[in-house]
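Participant: Here it is, the structure in full.
Taken together, the values in this text are just the output of simple stated rules run on the coordinates, not laboratory data. Just so it is clear, the model here is predicted, and its values are computed rather than measured. All Cβ positions, glycine included, derive from the backbone under ideal geometry; neighbour counts span all protein chains shown.
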Amino acid sequence: EALDSALCRRFTFKEMMPKSELVHEENYVRNIFEIINQRIEVLKDREHQIGHSYFMGVENEDDLKDVFYDKIIPLLQEYFYGDYEKIQLVLGEGFVKKESESVKFAGDKSGDFDVSEVYRIVPKDKCNMDEAIGKLLNKASKAVDE
């Protein structure tokens, strides 16, 4: 806290919110960026929105996949502390699948447990980006409205 007040005395702080107009002109990439940030703002707060720099170098689908798996998903895992249901609410079921699991336990109490829902990140090599982006955008595929 002493460091914070020392910094405040010496520097001027200016809020820099994400700027969607700086994201690639391709309509669906900008739309992805805006939708993700709207959902993060509702589930977390406005200070946790992702920055426009995440999407600025995206030139193709492979770049976009790298951004999701190397930057956005790890960031959301940190934000939501393992609450994969919230990560699914942000990204959709194309990136996070819900599975119902019934586990057989050893011992007498094995029948006393309900079936639990487990959320898992779809592995990068198994992810169909067209389908995943379509689900994120609540559309049949990303190609819609291009």
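Participant: What order, most packed first, do the peptides 117-124, 63-70 have when packing is the mean number of other Cβ atoms within 10 Å of each residue?
Facilitator: Sorting 117-124, 63-70 by mean packing, highest first, produces 63-70, 117-124.
Participant: Using amide H atoms built in the peptide plane, which far-off residues or other-chain residues are under 5 Å from Tyr119 H to H?
Facilitator: Long-range HN contacts for Tyr119: Glu99.
Participant: Here's another thing I want to ask about it. For Lys14, give me every one of the lysines with a C-alpha distance below 23 angstrom, ignoring sequence neighbours fewer than eight places off in its own chain.
Facilitator: Partners found: Lys44.
Participant: Apply the Karplus curve 6.51 cos²θ - 1.76 cosθ + 1.60, θ = phi - 60°, to the phi angles in the stretch 87-96 and return the couplings in whole Hz, x for Gly and Pro.
Facilitator: 4, 5, 5, 7, 9, x, 6, x, 10, 10
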